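The values are calculated or read from the model by the stated rules, or taken from the named source; none is laboratory data. For clarity, every value in this text was computed on a predicted model and none was experimentally measured. Neighbour counts are summed over all protein chains in view; Cβ atoms, including those assigned to glycine, are modelled from backbone coordinates with ideal geometry. For the accessible areas, the whole protein counts, side chains as well, though only heavy atoms, and no ligand, DNA or RNA atoms are used. Shrake-Rupley method; radii C 1.70, N 1.55, O 1.52, S 1.80 Å.
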Amino acid sequence: MGRECADRLGCYVFDCEMGCLIEIDHPSAKGIRFIEGGHWMLQLAAGRRIAPTDATGVSCKRNGGRLEFIWSGFDGFSPDAMVKVVWTVKNGRLSGSLSIGGYDPDLKIEQICFPVFDLSFLGDCGITLPHFQGLLFSDIKANYLKSGHRLSGGYLNDFNMQFYSLLLDSGGGVYFDTHDTQGFVKGFICESGENAGIVRCSLTHPSPQTGSDGTFTMPYESGIQAFSGTWHDAAHVYRSWARRQRWAVGAEKRLKAWAPLDDISLWLWNRGSSQNVVPPALEAQRRIGAPVALDWYWWHSHCYDSDYPNYLPPREGEEKFKEVMETLRNAGIFSQVYTNGMLIDMSVPSLRKIGAKEVVEQADGSLKGNVFNVYTNRMLSFICGGGKLFSNKLSATAKRLRELGLQGLYLDQISCCSNNLCFSQLHGHAPGNGPYQIKGFRRLISRIRRENPGMPLSSEDLGEIFMDVLDSNIDMAGSSFERMDWLPFNAEPIPLFKAVYGPLCRIYGNYALIDGVPPYDPMWPSDGKWKADQERDWRQICPDQFRLEIARTVIYGLQPTVANLRACHFENAAFKDDIDFLIESARFYHRNRNLFLQGELLQPGVMKCETREVSFLMRMIFTKPEKAAVRLKSVRALIHSAWRGCDGEEALTVANYSQDAQSFGWSDGIHTVKGEIPPRSFAKYALGEDVNR
């Protein structure tokens, strides 16, 4: 193609005859070639598709700082049918919007793919995905995109933010995003293209299935931008938009309301009877010398993952529950208990009517459900948009627990699993895509907050769009990524969410088990529990895993957390080194909350240190013996991050989880730090001048 049929917006060069992006004329994009970049596809019923190649013509029109392309002349469709894409550039970001007009109102468009970028480049690349705290995948062409595999995620059901980025071997990068302020269902996809060596990056938008006048406009813009640097630079491109949105602005206004949570040095994610969860919390706080918090599961009358949303009475009775709450409050220990914010057990006769009216209906007419618990095999169904009857029951539970002295409430899964398509004609929303799930669950959270003033609320994972109505979030997978057997093992966790939102979020959590053994609810069938001869000395088999998970939690800016810590762990000398490391991690975090909690994450820089083979036990609460595995992974011996504190302090923080002293050298291009850090320890190095220790 000759340049005579090209047009450009800033550094973005378009082929006007094809209506596509062909080049980003920017040093960061050197070596990147676009093949029909920014195209679209409409997926229709019965597997039909419409693409730009189906149009007999495309027109190009420049209107000030806008470039408009219109495709028309689709065989078999109305002569008025057209697809229009408008591109603009602002602050270096190319932004595209798509609209459709003139088509038959009876035409069922199931999904819109826009934009679709096919690109090629020399070498390989990494990709950052906003999954959990953040994940970095290296060499994706070689490792992940073979044989039609893809890296993908849906907004809020997988990805907690609306961007991802490619990090090229050349040092450049390409950033993709959407600017959706309402929370529509959407999918981000990176996959191999139709030809060898091509990487395809695209966005999918399921369509609302409503009566139409033959027109539709996508309700948000999608963007692309070239950048230089690291995943941190990509995060800051997104941050410039995200920090101005209602969820971030509202979260900043609520900072003072979070004060009771800001003094926490350690969370205990514990389960079972009060005798199982209270003594270790008291002992941990005594040893640390700073407040701890208890996230209490299995306090409720029924076994875990059944009977939701029925929780009362407490498993040990109301009087005992009230006594426990008073004990914890008098000790200065913050406590919250488990509820599920969106699941209902329709096998319970009294709940069937609620479920029949309010559960998500899938496109085929079935009700959306899942069996989470492999021991009870109870099907739990997904409530649509915080249905009113469901909300009434959860509201009544929260009120009663508050009367019994509860300080905080955990609402499981809302932040990570609630954004589901629903096709019901009875729920008061348009079937198919829409922001009704987000609106409904925000309404549910706000109701509980309004009815229980001063009671902090928490949920699972880090869904950005709930930041202004929640007080904290648990992220158990980010720091304990290797335990998760459903994810690519060799990805690297990174503090991506913290790089975007910094002090606007309170995050805790991991799956760090000091003995490698998850808890087992005594109300589950006894034959599901691992037998004594199936257990091993997991601490000896995987000696670094616990400390590595704790180190990531702290260094990446989360409040330290430990799972299933029991009194016997303090008493058993075999766990002394790990207990000491846990206590020191809590103290180190608490001393440096100006950085980790209230500060901003700086560039990660380059850390040069030993890489070691670490054994990881892939085992979670529902892992059966035949599914458990131990795998080796090469991991740096030191975990690090750099911060600018709320008081202006700038520092490099380093954790050595290994059993040996470690020498290192670190640089961010401006500062250099060299030193040696003792085994099983944390260190902080002031920035501002070169440091050699």
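Odds and ends about this structure:
- Efficiency of FRET between residue 353 and residue 634 - r from beta-carbon atoms, R0 51 angstrom, step 0.05: 0.40
- Global form of region 435-527, assessed from the alpha-carbon gyration tensor, a/c cut-off 1.5: oblate
- Approximate spin-label separation residue 91-residue 25, in nm, with each point projected 7 Å along Cα-to-Cβ: 2.5
- For residue 30, the lysines whose Cα falls under 25 Å of its own Cα, not counting residues fewer than eight places away in the same chain, are 90, 141, 146.
- Cα-based Lys pair tally, region 608-693, threshold under 30 Å, eight or more apart or on separate chains: 7
- Chain lengthening between residue 316 and residue 379 when straightened (0.36 nm per residue, less Cα-Cα): 20.1 nm
- For region 14-67, a simple Cβ point-charge model (Lys and Arg +1, Asp and Glu -1, everything else neutral) yields a dipole of about 180 debye relative to the Cα centre.
- Helix 318-330 and the longest principal axis of the Cα set of the chain meet at an angle near 90°.
- Remark: relative contact order (region 492-580) = 44 percent; criterion is Cα-Cα distance under 8 angstrom and separation of 6 or more residues.
- Heavy-atom surface of region 209-317, accessible at 1.4 Å and reported per residue (Å²): 36
- Region 195-229 residues near the modelled residue 169 label - backbone nitrogen below 18 Å, point 7 Å along Cα→Cβ: 196-200, 229
- Here residue 353 is the anchor, and the lysines within straight C-alpha reach of less than 18 Å, apart from those fewer than 8 places off in the same chain, are 368, 388, 393.
- Sequence-separation-based contact order of region 504-640, relative, with Cα cut under 8 Å and 6+ spacing, percent: 30
- Å² of accessible area per residue within region 546-622, as computed with a 1.4 Å probe and no ligands counted: 31
- Shown for region 412-475 is the translational diffusion coefficient from the Stokes-Einstein equation, using the Kirkwood radius over Cα pairs, a temperature of 25 °C and a viscosity of 0.890 mPa s: 195 µm²/s.
- Each peptide in 627-633, 278-284 was scored by the mean count of other Cβ atoms within 10 Å over its residues; highest first, the order is 278-284, 627-633.
- One quarter of the surface of the convex hull around the alpha-carbon atoms of region 20-59 equals 4.1 nm², the direction-averaged projected area.
- Taken about its Cα centre, region 545-637 carries a charge dipole of roughly 240 debye when the Cβ of each Lys and Arg holds +1 and the Cβ of each Asp and Glu holds -1.
- A Stokes-Einstein calculation at 20 °C with viscosity 1.002 mPa s, built on the Kirkwood radius of region 1-107 over Cα pairs, returns a diffusion coefficient of 144 µm²/s.
- Chymotrypsin sites (Phe, Trp or Tyr not before Pro) within region 169-198: DSSP coil, no more than 11 neighbouring Cβ in 10 Å: none
- Selected from 59, 596, 238, residue furthest toward positive end of dipole (the chain; charges at beta carbon): 596
- Dipole magnitude for the chain: about 1320 debye, using +1 per Lys or Arg Cβ and -1 per Asp or Glu Cβ, origin at the Cα centre.
- Annotation: per residue accessible area for region 387-511 equals 27 Å², rounded to a whole number [probe 1.4 Å, protein chains only].
- From the alpha carbon centroid of region 563-629 to that of region 58-125 is 48 Å.
- Protein accessible area in region 242-326, 1.4 Å probe - carbon and sulfur %: 49
- Its relative contact order, with pairs defined as Cα atoms under 8 Å and 6+ residues apart, puts the chain at 11 percent.
- Distance from the alpha carbon centroid of region 285-341 to that of region 427-461 works out to 23 angstrom.
- Per-residue extension of 0.36 nm, minus the Cα-Cα distance of residue 572 and residue 17, leaves a gain of 192.4 nm for this segment.
- Probe 1.4 Å, all protein chains present, accessible-area order of 421, 687, 266, largest first: 421, 687, 266
- Label point distance in nm, residue 532-residue 80, each placed 7 Å from Cα along Cα→Cβ: 8.0
- A value for mean projected area of the Cα convex hull in nm² was derived from the coordinates, and within the list [x] 36.9; [y] 30.7; [z] 38.4 it appears as [y].
- The calculated 222 nm mean residue ellipticity attributable to helices in the chain amounts to -6000 deg cm²/dmol, summing -39500 (n - 2.57) over DSSP H runs of n ≥ 4 and dividing by all residues.
- Antiparallel bridge percentage (DSSP; both residues within the chain; nearest 5): 80
- Accessible area (Å², 1.4 Å probe, nearest 10) - residue 215: 70
- Accessible surface of region 421-568 [probe 1.4 Å, protein heavy atoms]: carbon and sulfur percent: 53
- Spin-label pair residue 492-residue 615: with each label point 7 Å from Cα along the Cα-Cβ axis, the two points sit 2.5 nm from one another.
- For the peptides 295-307, 596-608, residues were scored by their other Cβ atoms within 10 Å and the scores averaged per peptide; the highest-first order is 295-307, 596-608.
- Fully extended contour minus Cα-Cα distance, from residue 262 to residue 646, at 0.36 nm per residue: 136.9 nm
- For residue 366 and residue 388, the FRET efficiency from 1/(1 + (r/R0)^6), where r spans their Cβ atoms and R0 equals 22 Å, is about 0.50.
- Solvent-accessible area, 1.4 Å probe, carbon plus sulfur percent, for region 21-142: 49
- Straight-distance candidates among the aspartates and glutamates for linking to residue 399, with alpha-carbon spacing under 12 Å and chain neighbours fewer than 8 residues away dropped: 451.
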